[in-house]
Every structure is written in C-alpha cells, then in structure tokens.
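Notes follow the structure.
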Amino acid sequence: MLGCFWVLIYCKQYVIKHLKRYIITLLTNIKREISMATIHQRRKTDRERQKRWRKRKLGEGNKQTLLMLTPEAQEVLKREKDRTGEPYVQIINRAIISIEEGHPSVSIKQIYGPMSNQK
C-alpha cells in the first residue's frame, strides 16, 4: 500500500512540473502574440500619422523634393546640424532663402564660364 502512495506522489509531482512548464510556454506565446499585434498596430498608426503630417504640410504650401547631395555638401550639412541643432529641413530652407536675400553664392557658370557643347 505504501508503494502506491509513493507512486501517486511521484505522478502528482510529475504532472505539476509539466503543467508549470506548459503554462509558462503558453503565457510566453500569448505575450509574444500580443507584442506582435502591438508592433503591427504601432506601425499602422505611425503610417497614418505620417500621412496626416504630409497632407498638412502640403496644405501649408510645402513641396516634398528628393535630391542627391555631394559628399562635400553632406559634410557641410552635418557640421551645420551639429553646430545649430536644427533639423536638416530648417538648415536647407534657411540656406535657400539666404540666396534670395542677397547673400552671395557662386555658381558653376561663374567659376567655369558658360558651357557649350560646341567643339
């Protein structure tokens, strides 16, 4: 009779051990699924927020422009950002407006003269 008692205790401990392991695995999977749902929801809300921001900026008369900068221009832009702490867009807008306000600028035509395709 005592042997059956020990077998029951062993079975109970075995079941509890595996039940704990199962519950921990289940909770981990649930947490992972919730986290993934949260990430997907966050990405969706970020995209929606960016769309609203772009629409608002376009409504204010801004225009989005894609451009390529030379390595030299990139370095100047980076130094100006480090110096002022302003966002790139503010630095570029300020530089373009300063051209119109009469600050001197040098163009390729001024350096090399008029270019022609004649030989």
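We did not get these values from a lab; they are worked out from the coordinates using the rules stated. Predicted model, so just to flag it, every value in this text is computed and none were measured. All Cβ positions, glycine included, derive from the backbone under ideal geometry; neighbour counts span all protein chains shown.
For the stretch 11-80, the set of GluC sites (Glu not before Pro) satisfying both a DSSP loop assignment and a count of at most 12 other C-beta atoms within 10 Å is given as Glu60. Cα-Cα pairs above 14 Å in the stretch 65-105: how many percent? Tail of the P(r) past 14 Å holds 54 percent of the pairs. Taking θ as phi - 60° and the Karplus parameters 6.51, -1.76 and 1.60, the scalar couplings of the stretch 80-85 work out to 5, 5, 5, 6, 9, x Hz in sequence order, x denoting glycine and proline. Checking every one of the trypsin sites (Lys or Arg not before Pro) in the stretch 8-67 against DSSP loop status and a limit of 11 other Cβ atoms within 10 Å picks out Lys63. Exceedance of the 30 Å cut-off in Cα-Cα distance is limited, within the set Lys31/Lys81; Lys55/Lys78; Lys31/Lys78; Lys31/Lys57; Lys55/Lys81, to Lys31/Lys81; Lys31/Lys78; Lys31/Lys57.
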